[in-house]
Amino acid sequence: MSMAWYIGRRCLWALLASFIILSVTFGFLAASPNPTASTVAFDAAQEGGDPEEAVETYEQTRGEDRPLMEQYTDFMIDMYTLNWGDSFNYNADVMTVIADSWVYSAAIVIPSTIVAVLIGFGVGLYSANNQYTKTDYAATFGAFFGISVPNFWLAIMLILIFGVVLEWFPTSYDTTVDYWSLEHAYQLVLPFFVLTTAAVASQMRYARAETLEYVNAEWTKTARAKGVSEWRIMFRHIFRPATPVLATILVADFVGIIFASAYVIEVIFGIPGLGLVSYNAIINMDTPLVLATTLVPVIIAILGNLLQDILYTVLDPRITYEGRN
Amino acid sequence: MATDTSPDRIEIGQIDWEEYETGRFNFDRKTVGSTLSLLAVGLLWLYDFLFVAERHPVLEQDLILFELSLNPNNVDWLFGLTLVALFWYVVVPLYQNKRMTMYYWSKFKQNTAAIWSLGFLAIIFVMGTVGPLIIGHPEPNWGNPNAPPVFFGGEWAHPFGTHRTGEDILEVTITGAQVSLQVGLIATLFSIILASVVGATAAFSGGWIDEVLMRFVDLLMTFPTFFLIVLLVYIYGGSLFLLIVILAFTGWGGTARLVRSEALQRSEESYIQAAEAAGAGKAYIIRRHILPNVSNTIITAATLIIPVMILTEAVLAFLGFGDPNIWSWGRIISDGRNHLATAWWVATIPGIFLFFTVLSFNFLGDALRDALDPRHET
């Protein structure tokens, strides 16, 4: 099979995956009472109106009294044309809300990803090359700590120690600070640190496990025997064959870990990024915004997977364009 | 593998072949016992569901030290079922195969961290299963709010201090241990069952069944589970029962993949061919030959899924999406978060327990993998 056919097939799969996920989401929504509808009913009852009538009016304005198939078609068309409805709370299109908030998420997610990859791969590679030394044990223990420590608790402990007791860092985020300023970076130190510990730990563990496979490979021994320098061995003979798998992990696991961790961290520190917006949307029963903020990471994950498959073909010349084996 | 290095090898004449010739329907004590006890739990649940009014205890007994009042909800019943299953399928086989158990134990105990973890988890297990029966539900005590823990100006009556509404933090921690155990064990058990069935079926059936099942797993793995759970909790509400169901049905993808690849290797072996030649059906081969031979992988995977389940529940409870009537560790940490300056212990102490529980499961899983799976090299 040719490479073009392989990539084309992966693209088709991404489309199909998004289609299934959106359909399932619609199914979930249709099978349950809309949380917003119950709020409407509650409000109507409190104001002395008829709750059932209020729900009916609400459903009519939302078009939920039509046949299911018609609703489904409309839902899917809206989703694919990025017409994701309006947020009740912000009185704006959800896409605008997301466009306004993602920069705050990016301010911690992007630096944290870069640092996590550099440190994680670096330490993992070093650890694998120096297996069963004290440094390796220390690194492994550090990885266990990073994986096991509940992010939200670590964040609170850091706030307690560095915010409340030592008063080195602010305990909550100040939105009035200029985005491109040192002061802004300063108040992102704690959230950045928490997010990075989680990400570094998982990167490190994978990097160590993956590179270990090549530390004792025949070609590494050959290279060492003919006097290649240790640095060159580490990068050309050990790290290079491990990159395809590491890239896979980077994209697939990372989207899950980083986005999920960032969600909680934004809520704790009050950073108005996607996580906090989603959290507030849930608290305020703002269904279109909840849907958008939970589906955006999902779409990113699907695209990330697609990207990873394509990356794989570039990074690993040995790949066969057959199915899974 | 294991038998080669074990000092006491079995002679062929010692094997009681009768034991292995029981045929399709073998009624040994274990099968009868496990079926009967699982059935008993089911019947008790039916009795509670049909005849005992809600919020009324099934059993009330005044023991001398404390009053035992059992009023289980659905999660408690499922937890009972899980514990019974754990007993019959983990404890009893370990006892029956003493030789293998000792062999694995000798490998396992080389790992000091894992031994400590096992000890800590044993404490948490007793705390979470027996503790709530003794202390009941943590009650607010308005007369004694925000008491600091002992050694920090507090008293031994409340060694971990009290909450701002006067609940004893030790009691809250014990209840939280129960919640974490319930979530960790129940959700893991069900996701492991699902993963084993799907993985083994996919490997052994092949063809389009394999393709469809594994594509579904791909899809599940692509999905950032956290957001799926958030969405489902938003739509359907966050009762503990529902949360466990959601966790069980979203967390099995990776294990299914693992079981499939292991089972694929196993199904190449000649004893499978022999079984096929002897006329064994697919379901029988999967149940009798494939699953027991991949059980090491399954057990290791289970140990590493438990902490993920516990952490996810804690995060959701922390965010306030959990059941507001249940003292989860996540919920008490969230409560303590806004009063760090006045009562640091409320968020700190349950968090330490959560951290060490998760850490212990991770250590345990790692050590188990080293002990049970000699082919795994990390």
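Taking segment B:267-282, which residues are part of a helix (DSSP H, G or I), free of Cβ contacts under 8 Å to residues at least 60 places away in the same chain and surrounded by 11 or more Cβ atoms within 10 Å (Cβ to Cβ)?
Result: B:Tyr271, B:Ile272, B:Gln273, B:Ala274, B:Ala275, B:Glu276.
Considering segment A:165-192 alone, what residues qualify as being among the aliphatic types (A, V, I, L, M) and out of contact with any helix residue (DSSP H, G or I) (no Cβ under 8 Å at 6 or more places or on another chain)?
Residues satisfying the conditions are A:Val165, A:Leu166, A:Leu182, A:Ala185, A:Val189.
Find all pairs meeting these conditions: Cβ atoms under 7 angstrom apart; at least six residues apart or on different chains; first residue within segment B:210-221 and under 17 Å from A:Leu306 (Cβ atoms); second residue surrounded by 17 or more Cβ atoms within 10 Å (Cβ to Cβ) and of a type in the set (A, V, I, L, M, F, W, C).
Listed pairs, sorted by first residue: B:Leu219/A:Ala17.
Has segment A:192-207 got at least one residue that is more than 25 Å from A:Leu250 (Cα to Cα) and modelled with pLDDT under 85?
No - not one qualifying residue is present in segment A:192-207.
So how many residues does segment B:115-167 have that are in contact (Cβ under 8 Å) with a residue 40 or more places away in the chain and among the hydroxyl-bearing types (Ser, Thr, Tyr)?
The total comes to 2.
Looking only at residues in segment B:102-121 that are closer than 22 Å to B:Leu189 by Cβ and modelled with pLDDT of 85 or more, which one is surrounded by the fewest Cβ atoms within 10 Å (Cβ to Cβ)?
Looking at the filtered set, the residue picked out is B:Leu118.
For segment B:190-225, what are the residues that are within 28 Å of A:Leu291 (Cβ to Cβ) and either of a type in the set (D, E, K, R) or modelled with pLDDT under 85 (or both)? Explain how you work it out, then say what you get.
The initial filter retains those residues of segment B:190-225 that are within 28 Å of A:Leu291 (Cβ to Cβ), namely B:190-191, B:194, B:212, B:215-225.
B:Arg215, B:Asp218, B:Leu219, B:Leu220, B:Met221, B:Thr222, B:Phe223, B:Pro224, B:Thr225 - these are the residues of segment B:190-225 that are within 28 Å of A:Leu291 (Cβ to Cβ) and either of a type in the set (D, E, K, R) or modelled with pLDDT under 85 (or both).
Of all residues being in contact with a Leu (Cβ under 8 Å, 6 or more places away or on another chain) and buried (at least 17 other Cβ atoms within 10 Å of the Cβ) in segment A:117-132, which is nearest to the other protein chains (Cβ to nearest Cβ)? Just the residue, please.
Of everything passing the filter in segment A:117-132, A:Ala128 is nearest to the other protein chains (Cβ to nearest Cβ).
Yes or no, residue by residue, for (1) hydrophobic (A, V, I, L, M, F, W, C); (2) touching a helix residue (DSSP H, G or I) at 6+ places or on another chain (Cβ under 9 Å); (3) free of Cβ contacts under 8 Å to residues at least 60 places away in the same chain; (4) surrounded by 15 or more Cβ atoms within 10 Å (Cβ to Cβ):
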{"residue": "A:Phe75", "(1), (2), (3), (4)": "yes, yes, yes, yes"}
{"residue": "A:Thr81", "(1), (2), (3), (4)": "no, no, yes, no"}
{"residue": "A:Asp86", "(1), (2), (3), (4)": "no, yes, no, yes"}
{"residue": "A:Val97", "(1), (2), (3), (4)": "yes, yes, no, yes"}
{"residue": "A:Tyr104", "(1), (2), (3), (4)": "no, yes, no, yes"}
{"residue": "A:Pro111", "(1), (2), (3), (4)": "no, yes, no, yes"}
{"residue": "A:Lys134", "(1), (2), (3), (4)": "no, no, yes, no"}
{"residue": "A:Ser148", "(1), (2), (3), (4)": "no, yes, yes, yes"}
{"residue": "A:Phe152", "(1), (2), (3), (4)": "yes, yes, no, yes"}
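So which residues in segment B:122-156 are more than 19 Å from B:Thr348 (Cα to Cα), modelled with pLDDT under 80 and of a type in the set (Gly, Ala, Ser), if there are any at all?
Across segment B:122-156, the qualifying residues are B:Gly136, B:Gly143.
Scan segment B:182-240 residue by residue and report those that are of a type outside the set (S, T, N, Q), more than 8 Å from chain A (Cβ to nearest Cβ), under 24 Å from the mean Cα position of the chain (by Cα) and not in a helix (DSSP H, G or I).
B:Gly237, B:Gly238
Restricting to helices (runs of 4 or more DSSP H) lying wholly in segment A:226-323: which have 2 or more residues that are within 14 Å of chain B (Cβ to nearest Cβ) and over 26 Å from A:Ala14 (Cβ atoms)?
Numbers: elements: A:240-269, A:274-283, A:287-315.
Answer list for segment A:226-323: A:240-269, A:274-283.
Hey, among A:Ile258, A:Ile283, A:Ile233, which residue is among the aliphatic types (A, V, I, L, M) and surrounded by fewer than 18 Cβ atoms within 10 Å (Cβ to Cβ)?
Being among the aliphatic types (A, V, I, L, M) and surrounded by fewer than 18 Cβ atoms within 10 Å (Cβ to Cβ) holds for just one of A:Ile258, A:Ile283, A:Ile233, which is A:Ile283.
Can you find even one residue in segment A:190-212 that is in contact with a Lys or Arg (Cβ under 9 Å, 6 or more places away or on another chain) and either more than 20 Å from A:Thr113 (Cβ to Cβ) or buried (at least 19 other Cβ atoms within 10 Å of the Cβ) (or both)? Give the steps one after another, and end with the answer.
Our first condition is that a residue be in contact with a Lys or Arg (Cβ under 9 Å, 6 or more places away or on another chain); within segment A:190-212, this holds for none.
Within segment A:190-212 (the criterion being in contact with a Lys or Arg (Cβ under 9 Å, 6 or more places away or on another chain) and either more than 20 Å from A:Thr113 (Cβ to Cβ) or buried (at least 19 other Cβ atoms within 10 Å of the Cβ) (or both)), the answer is no, since none of the residues qualifies.
Cβ contacts < 7 Å: first residue over 16 Å from A:Tyr126 (Cβ atoms), restricted to segment A:232-250; second residue among the aliphatic types (A, V, I, L, M), any location; separation 6+ or different chain. Result?
From residues that are over 16 Å from A:Tyr126 (Cβ atoms), the pairs are A:Thr243/A:Leu315; A:Pro244/A:Leu315; A:Ala247/A:Leu311; A:Ala247/A:Leu315; A:Leu250/A:Val117.
The values are calculated or read from the model by the stated rules, or taken from the named source; none is laboratory data. In this text, all values refer to a predicted model and were calculated from it rather than measured experimentally. Counting neighbours? That spans all protein chains shown, and the Cβs are built from the backbone with ideal geometry, glycine included.
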